[in-house]
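Taking it in order: structure first as structure tokens, then the write-up.
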Ligand code: ADP
Ligand code: MG
């Protein structure tokens, strides 16, 4: 089932000035299916993946932007657009509660925390719950899993699926599109080419586990930091763009480091600095508690209060 799509996505690329059949085909091949996807991209970006000249693309983008009336919107219009946001459950009522009902589209969720705090387990769980029928808390979408740490396990999805008789296990596994990212450039390339898969398979969740590990190991030392941040910025903005253009949710995991300047309280801070902090809509700080219990703390949310939830990691996945 096709989920509620944004009305502005319905302008076809052929309706844009300068787009003939040959250019339309090239754009589509590279994942630019809608006027909206073009309007939110830069000439350089589209030109580098399609091979079409930057000046040609520039004109097409200008037309797409004018047709889509991009610029100022009234709060009323924005509210109407935000009505397209849909939510799905995390599998834990406690966690859903601090997240205002679950994971929503048009947002980036970042989970950070030490090793074994449940970041990857939540990633597996969401790949299943996003697929659930609407009446049991899902949005009937597919998932795409970008794995930079090699910790994805389809067997784990099967275990979690035992809990949801509403889903056919074989079909559910076929709805999770997996890609191992081998380095940071590869990771960027994967998201640059993702639009066509998203449209074709009705992807409503993109997982990146973790966003940072390749960047951290490839850029070592002070001198390389600004270069790293720039590349990280480009990566996360592509995710942001996909989440808006296709009305989908993004879940990224992040590692932690010890902040030397903190003498009181918890010195654990997420890596990636301001680049990740600014782009994430919701940040969840995960900590261990007794046995299989974990504590998730919601921080820095644009419209929700700081709050904590306790959940468990069990054979069933994530639950209360
Ligand atoms: P990280 O934050 O490092 O990504 P994970 O999400 O991999 O951590 O969480 C690891 C935790 O999940 C471990 O404590 C492990 O015991 C638990 N876990 C993993 N698989 C299962 C399972 N099948 N049943 C119960 N607990 C599990
Ligand atoms: Mg992990």
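The values are calculated or read from the model by the stated rules, or taken from the named source; none is laboratory data. Bear in mind that the values here come from a model prediction, so they are computed numbers and not experimental data. Note: ideal-geometry Cβ built from the backbone for every residue, glycine included; neighbour counts use all protein chains shown.
Looking at the stretch 174-185, is at least one residue surrounded by fewer than 23 Cβ atoms within 10 Å (Cβ to Cβ), within 16 Å of ligand 2 (Cβ to nearest atom) and part of a helix (DSSP H, G or I)?
no
Inspect the stretch 212-231 for any residue being within 16 Å of ligand 1 (Cβ to nearest atom), touching a residue at least 60 places away in the same chain (Cβ under 8 Å), touching a strand residue (DSSP E or B) at 6+ places or on another chain (Cβ under 7 Å) and outside any helix (DSSP H, G or I) and give the result as yes or no.
yes
Please state which one of 252, 318, 310 is modelled with pLDDT of 95 or more and surrounded by fewer than 20 Cβ atoms within 10 Å (Cβ to Cβ). Outline the logic, then answer.
Values: 252 fails: surrounded by fewer than 20 Cβ atoms within 10 Å (Cβ to Cβ); 318 fails: surrounded by fewer than 20 Cβ atoms within 10 Å (Cβ to Cβ).
Answer to the selection: 310.
Is one or more of the residues making up the stretch 143-159 more than 16 Å from ligand 2 (Cβ to nearest atom), under 19 Å from residue 212 (Cβ atoms) and buried (at least 21 other Cβ atoms within 10 Å of the Cβ)?
Restricting attention to the stretch 143-159, the residues satisfying the condition of being more than 16 Å from ligand 2 (Cβ to nearest atom) are 143-144, 158-159.
Going one step further and asking which of them are under 19 Å from residue 212 (Cβ atoms), we end up with 144.
This time we only want the ones that are buried (at least 21 other Cβ atoms within 10 Å of the Cβ), so: 144.
Yes: one or more hits.
Is there a residue in the stretch 284-291 that is touching a helix residue (DSSP H, G or I) at 6+ places or on another chain (Cβ under 9 Å), at negative phi and modelled with pLDDT of 95 or more? Break it down stepwise before answering.
Initially, the stretch 284-291 is screened for residues touching a helix residue (DSSP H, G or I) at 6+ places or on another chain (Cβ under 9 Å), giving 284, 286.
With at negative phi added as a condition, the list becomes 284, 286.
Checking the rest, the ones that are also modelled with pLDDT of 95 or more come to 284, 286.
Looking through the stretch 284-291, at least one residue is touching a helix residue (DSSP H, G or I) at 6+ places or on another chain (Cβ under 9 Å), at negative phi and modelled with pLDDT of 95 or more.
Might you check whether a residue that is crowded, with 17+ Cβ neighbours inside 10 Å and within 21 Å of residue 127 (Cβ to Cβ) occurs anywhere in the stretch 264-280?
Scanning the stretch 264-280 turns up at least one residue that is crowded, with 17+ Cβ neighbours inside 10 Å and within 21 Å of residue 127 (Cβ to Cβ).
Could you check the stretch 198-211 and list, in sequence order, the residues that are within 13 Å of ligand 1 (Cβ to nearest atom) and in a loop (DSSP other than H, G, I, E, B)? Explain how you work it out, then say what you get.
Here is the first cut: in the stretch 198-211, the residues within 13 Å of ligand 1 (Cβ to nearest atom) are 207-211.
Selection gives 210, 211.
Exactly one of (1) away from ligand 2 (no atom under 16 Å from the Cβ); (2) touching a strand residue (DSSP E or B) at 6+ places or on another chain (Cβ under 7 Å) is unmet by residue 270. Its number?
With (1) away from ligand 2 (no atom under 16 Å from the Cβ); (2) touching a strand residue (DSSP E or B) at 6+ places or on another chain (Cβ under 7 Å) applied to residue 270, the lone miss is (1).
Considering only helices (runs of 4 or more DSSP H) fully contained in the stretch 37-138, which possess at least 2 residues that are within 16 Å of ligand 1 (Cβ to nearest atom), under 30 Å from residue 173 (Cα atoms) and assigned by TED's automatic domain parsing to the domain that holds residue 295? Write out each step before concluding.
Values: elements: 43-50, 54-67, 75-82, 93-98, 119-129.
Hits in the stretch 37-138: 119-129.
For the stretch 2-10, state whether one or more residues are more than 10 Å from residue 61 (Cα to Cα) and at pLDDT 85 or above.
Applying the first criterion (more than 10 Å from residue 61 (Cα to Cα)) to the stretch 2-10 yields 2-10.
Still in the running and at pLDDT 85 or above: none.
Checked the stretch 2-10: no residue is more than 10 Å from residue 61 (Cα to Cα) and at pLDDT 85 or above.
Going by what's in this entry, would residue 235 be described as outside the structural domain of residue 28 (by TED's automatic domain parsing) and over 27 Å from residue 27 (Cβ atoms)? It would help to see each step written out before you state the result.
Values: outside the structural domain of residue 28 (by TED's automatic domain parsing): yes; over 27 Å from residue 27 (Cβ atoms): no.
No; evaluated as a whole, the condition is false for this residue.
Yes/no per residue for (1) more than 16 Å from ligand 2 (Cβ to nearest atom); (2) over 15 Å from residue 311 (Cα atoms):
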| site | (1), (2) |
| --- | --- |
| 78 | yes, yes |
| 87 | yes, yes |
| 91 | yes, no |
| 104 | yes, yes |
| 114 | no, yes |
| 117 | no, no |
| 120 | no, no |
